[in-house]
1. I'd like the distance separating the alpha-carbon centroids of segment 39-104 and segment 163-181, in whole Å.
2. What is segment 96-180 by shape, rounded, prolate or oblate, if you read a ≥ b ≥ c off the alpha carbon gyration tensor as root eigenvalues and call it rounded for a/c under 1.5, prolate for a/b larger than b/c, and oblate otherwise?
3. With r defined as the distance between the Cβ atoms of residue 187 and residue 92 and R0 fixed at 45 Å, what FRET efficiency is calculated, to the nearest 0.05?
4. Once a ≥ b ≥ c are taken as the square roots of the eigenvalues of the Cα gyration tensor of segment 26-67, is the result rounded (a/c under 1.5), prolate (a/b larger than b/c) or oblate (a/b not larger than b/c)?
5. I'm spelling it out carefully: the read-out is Cα Rg over 2.2 N^0.38 Å, the candidates are [x] 1.11; [y] 0.96; [z] 1.20, and one was derived from this structure. Which label?
6. Taking only DSSP H segments of four or more residues, each worth -39500 (n - 2.57), what value at 222 nm results for the chain once the sum is divided by all its residues, to the nearest 500 deg cm²/dmol?
7. How would segment 137-181 be classified by its alpha-carbon gyration tensor: rounded, prolate or oblate, with rounded meaning a/c under 1.5 and the a/b versus b/c comparison settling the rest?
8. Which whole-number percent is the relative contact order of the chain (Cα, under 8 Å, 6+ apart)?
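The numbers here are math on the coordinates, done by the rules we state, and not lab data. Because the structure is a prediction, the values reported are computed rather than measured. Every residue, glycine among them, receives a Cβ derived from its backbone with ideal geometry; neighbour counts consider all protein chains shown.
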């Protein structure tokens with residue numbers, strides 16, 4: 001996984017500091033918008049979250065079946081402590097063998113994950129998501145995005161992200177298109193604190 005976890009950026013490996021940083025960056029409004037406009041969860045759906053982190057997206061979802069996977073023990077411990085009655089959390093990298101023990105999913109999430117992965121790793125995750133979904137199920141992703149002429153503050157923040165594989169919208173969509181036949185990508189600019197995201201919805 002290509003990310004920087006030393007120096008000042010190492011503090012984001014601590015779940016409470018990570019959550020605080022996300023709040024400062026406007027995560028509440030962003031997650032609310034993402035759940036409403038992209039994830040669109042309904043009660044009773046089964047949701048797989050690859051790279052779930054502290055699983056704070058659960059604050060914006062109804063009663064769903066939720067399975068979260070993350071390689072960070074501290075993130076999984078925080079998620080289990082806060083949401084242990086709402087989901088199942090596993091500290092490991094998701095594999096095809098894991099999928100054999102899980103249901104087929106209505107929604108797979110990969111939120112803020114793809115820009116930490118090189119193309120080969122990202123394609124492997126996309127393939128797992130495709131395998132995990134029911135026919136008609138959707139993968140939803142969001143990642144920082146580089147756009148010509150974007151706000152210079154947004155560009156600075158994105159270029160200093162822990163993830164070292166930030167892409168353009170076209171590059172994210174092309175990558176997803178290797179696995180999914182139906183991919184919709186959308187760029188959204190946040191005014192304050194300035195930031196740029198690429199949202200993708202990939203349908204099986």
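1. Result: 23 Å between the Cα centres.
2. Working: a/c = 2.51, a/b = 2.27, b/c = 1.11.
Here segment 96-180 falls in the prolate category.
3. 0.90
4. oblate
5. So the calculated entry is the one marked [y].
6. Working: 7 runs with 63 residues, N = 204.
Dividing the helical sum by the residues of the chain leaves -8500 deg cm²/dmol.
7. prolate
8. Numbers: 377 pairs, mean separation 40.4, N = 204.
Reported relative contact order: 20 percent.
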